[in-house]
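Working notes for the structure below.
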Protein chains: 2
Amino acid sequence: MAVNGEALNNSSRFEHQLEPILELLRRQKLVENLAQRQAQSRAELLETLVHRQHEVELRRKLKILNAADAAYLLDMLTLDQRWLVWSMLEEHVAAEAMLEMSEAVLTSIVEETDSNRLLKLLIHLDADELSEIAEFLPADVLASAKAQLEAAEQQWLEASLSYPEDSVGSLMSRDSFLVSPNQSLDEVIAAFRAMEEVPEQMDKLFVVQKPRHLVGVLPLTALLRHPGDERVNKVMQPNPVTFSADEDAEDAAHAFERYDLISAPVVDENRRVIGRLTVETMMDYLREHHEGAALAKEGLSARTDLFGPVMSGARARWLWLCINLATAFLATRFIALFEQTIISLVALATLMPIVASVGGNTGNQTIALFVRGLAMDHINRDNLRFLVMKELLISVINGALWGCLLGGVAFLLYGNPGISVVMAVATLLNLIIAAAAGIFTPLALAKSGRDPAMGASVVLTFVTDSMGFFIFLGLATWWLI
Amino acid sequence: MAVNGEALNNSSRFEHQLEPILELLRRQKLVENLAQRQAQSRAELLETLVHRQHEVELRRKLKILNAADAAYLLDMLTLDQRWLVWSMLEEHVAAEAMLEMSEAVLTSIVEETDSNRLLKLLIHLDADELSEIAEFLPADVLASAKAQLEAAEQQWLEASLSYPEDSVGSLMSRDSFLVSPNQSLDEVIAAFRAMEEVPEQMDKLFVVQKPRHLVGVLPLTALLRHPGDERVNKVMQPNPVTFSADEDAEDAAHAFERYDLISAPVVDENRRVIGRLTVETMMDYLREHHEGAALAKEGLSARTDLFGPVMSGARARWLWLCINLATAFLATRFIALFEQTIISLVALATLMPIVASVGGNTGNQTIALFVRGLAMDHINRDNLRFLVMKELLISVINGALWGCLLGGVAFLLYGNPGISVVMAVATLLNLIIAAAAGIFTPLALAKSGRDPAMGASVVLTFVTDSMGFFIFLGLATWWLI
């Protein structure tokens, strides 16, 4: 997305100059409430005039916003403020802001903006930009917006939308600049100057032999540093890092990070250039991915609008509540098996949640380590056996150690050596089970092609709660009753 | 860090060509075990020869690795393999790999490498690079490495280390390229060609009036697209995005993302250029930050070595175990208050963990939403009141709804209407408490300058467990006994 240096406010960044706009929005709210009533008194007439003044001032301030800043502002406003600002933005700014705002705000804005306005805005976007937000648009609006594009752009949009969501293909852009190995640098510079607009984040040109077969890349710095009569193939880097359209976007983002790339060619199986990836896209992808994962772990969607209506906020949590109630009910059925035991030794009711809870907590540590290991490619079939053995050994050591401690504390509280032994053994066993569940849940999720973090914690907590209750009360029934 | 295109293997990325190296390492292991015994038989002598051959092959393959790939490889190896590869790397590759490897592996490698070798490697790093890994180095090694630098570099290193860990100052680099507004583009290009080496990720030059006062930036693309006799001040962008050394690195990283920056000047209060930020550094920072936060949430350090020794792995979890046992013990003390109640109505023991658990789960949803809102600057004093009211209202709606459902299920199980009512009311109250704790814990942590996600979940679970037990058993004692 184009960010125009000139459009930025003087001397620093937007977030440091936000206050005047928020202040105007605060007053806007106040006088709007007044204006809703009939302007009966002179005082209220005056208020309406002040309101006008504020509105003019607000429009003036919003007019100079660029798209990134507009999106940043929209993301932090309540629904009524969001609408006011959204309606005041210039068309091309509003259009580009759609690429930058959070998924939640985009979802709500698309829902509430009528199709005609939406279509007018989308004229300002090219095929790459349209494909970025396509999944948020109603099918008919997307179809009409596509019809507004040139034929080549239409084709690109179709191709782009045909790739799976988290693939490189869905993120690559069309705007590669191709040069031939036999051109002189002067010829390249002439072609470069002839371009209408330089694509964003263009740090290198792709060197191809007809038709589009990649043989190297030519960094702009090389173009600047070598004499103009030099040939491209003398100056280019011959073996650049490349990507393929069907590979996982997260892997690609990690490669960008590792190789410190700004842009890179996407090639097909014959090494023909089919698109370009930029660090900007990769950074956005990673942020959305991380954010989405953090919310998904708690059963929420990244599209949950912080400022949305209360009922949709309540509804957004029902699935998670339902899953949790179901697993909690199931886990406590293990307690129900031992109600007689509890009646004869009520201290067990007090101590059993501790065994369950300590299992859940250490299991989640194991999950965190394995999820990181999987994400960073640190785990493979060579070292998996070692890692599993290590994790189980740790759980035995810690289970023995902290089980004894827990047993000791239980003895101090209840003076019953039997309870202490049960407590110690149950803790040890539940920690071993927690480690096993903490290893195998993320591995199984990853193996099935899912995000290893998502849902792992629910499964784990169910296992450690059930087994915590079952082992503790079971041992107590067997040994003490 | 420099990644040399030529050093990359032909046609694709390192992670796709990893298998031969891993295979050699696997064999290495096997024949080393054999070689440890005396080579008595001809067969074993042959094995030793094969071993030699493998070693030569391995060295050959490691020799062409660049630093990023070497770090990637080291991150996934077990301790013995890690040592073998580390000892075989060329000095300058090993040195630069230290900048790229995970904190956990860096910690272990610094610990085990003797000071002399370490010092020899560090000669290959400049002040910026040294400051990146300074916190991992022993004080005496750092001091000696510093002494090897030129005077200006030494000063820079000192200044860099004087900034707090998560500030822009600690991440900025020294390698700005400054031009004057009155120079012609041809003069700039001449100066650009005269540089010994172009700094990484240099997409723009900084335009300054003496002494170092920033007046604009000159993108390389502008340099290429305008005639050579044009003056810099006609072509430059006058109001670039800037950063200050004392601001938070995470805010800076978000601004990089928002404005799609590749590099940006860091200025002091008089707008004098004091350093440069690059997208590469910001991306690394964000990754480490996210990774560290995910582990810290489970009470683990980012320096936890997945492949480290078992005992240190066990020890790494003691603090968390200790905290969790303490809070679990405290929370269950609320159960102990009501043991008489449980004896007379044992179903309560089975149902009480459900009330506690559903509170913990919904409270964690609230934390996830508020942590994201705080990280993305979506929450401010204008909308906080709205958000708090909304969240509490959601908890009342969901508490009433799911409380009734839970009460219904409890009635089906136990046929006791009293228990059902207690269950419903306790669920409602605990969800309200969970929402309140889920809002105020991250806000309080953020207000005190801490990471709002870290520790929030522990506090929340303690509150929802204690209150879940207390309210449920308290109401039961009051109404049913």
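The values are calculated or read from the model by the stated rules, or taken from the named source; none is laboratory data. Computed from a predicted model, the values in this text were never measured in an experiment. Here the Cβ positions follow ideal geometry from the backbone for every residue, glycine too, while neighbour counts run over all protein chains shown. With ligands, DNA and RNA removed, areas are computed over all heavy atoms of the protein, side chains included. Shrake-Rupley method; radii C 1.70, N 1.55, O 1.52, S 1.80 Å.
Of note:
- If you sort A:Lys447, A:Lys390 by accessible surface, 1.4 Å probe, largest first, the order is A:Lys447, A:Lys390.
- Divide the volume of the convex hull around the Cα atoms of the range A:223-365 by the residue count and you get 219 Å³ per residue.
- Helix B:151-162 and the longest principal axis of the Cα set of chain B meet at an angle near 10°.
- Equivalent-ellipsoid semi-axes for the range B:94-197 (Cα gyration tensor, √(5λ), whole Å, largest first): 31, 15, 13.
- Inverting the pair-averaged 1/r between distinct Cα atoms of chain B gives 27.5 Å as its Kirkwood hydrodynamic radius.
- Translational diffusion coefficient (Stokes-Einstein; Kirkwood radius from C-alpha pairs) of the range B:178-295 at 10 °C, 1.306 mPa s, in µm²/s: 104
- In loop segments of the range B:120-192 as defined by DSSP, the GluC sites (Glu not before Pro) with at most 10 further C-beta atoms inside 10 Å of their C-beta are B:Glu150, B:Glu165.
- Modelled spin labels at B:Lys234 and B:Asn270, positioned 7 Å past Cα toward Cβ, are 3.2 nm from each other.
- For A:Asp166, the solvent-accessible surface computed with a 1.4 Å probe is close to 70 Å², ligands and nucleic acids excluded.
- Descending principal axes extents, the protein assembly as shown, alpha-carbon based, whole Å: 109, 95, 54
- Computed from Cα positions, the angle between helix B:185-194 and the longest principal axis of chain B comes to roughly 90 degrees.
- Environment charge of A:Thr327, counting only residues whose C-beta is closer than 12 Å and scoring Lys/Arg +1, Asp/Glu -1: 0
- Long-range HN-HN contacts of A:Lys204 with modeled amide H, under 5 Å: A:Leu220
- Note on the range B:178-295: antiparallel DSSP beta bridges, both residues inside, total approximately 80 percent of the bridges counted.
- Where A meets B: accessible area buried, both sides, 1.4 Å probe, Å²: 12900
- Förster-model FRET efficiency, 25 Å R0, A:Phe136 and A:Asp246, C-beta, rounded to 0.05: 0.60
- Cβ-placed point charges (K, R +1; D, E -1), dipole of the protein assembly as shown about Cα centre in debye, nearest 20: 2480
- D (Stokes-Einstein, µm²/s), Kirkwood Cα radius, the range A:293-342, 0.890 mPa s at 25 °C: 189
- Note on A:Ser301/A:Gln17: beta-carbon distance plugged into 1/(1 + (r/R0)^6) with R0 of 35 Å gives a FRET efficiency of 0.60.
- Modelled label reach - B:Arg450, point 7 Å along Cα→Cβ, the range B:337-370 residues with backbone N closer than 20 Å: B:360-361, B:363-370
- All lysines inside 30 Å of A:Lys63 as judged from Cα atoms, apart from same-chain residues fewer than 8 positions distant: A:Lys29, A:Lys120, A:Lys146, B:Lys204, B:Lys234
- The distance linking the range B:313-388 with the range A:189-235 is 58 Å (Cα centroid to Cα centroid, whole angstrom).
- Taken along its principal axes, the alpha carbon cloud of the range B:317-480 reaches lengths of 51, 38, 22 Å, longest axis first.
- Inter-centroid distance (Cα atoms) of the range A:105-161 relative to the range A:239-253, Å: 26
- Accessible surface of the protein assembly as shown, 1.4 Å probe, proportion on carbon and sulfur as whole %: 57
- Mean per-residue shielding of peptide A:372-381 is 5, counting Cβ atoms of other chains within 10 Å of each Cβ.
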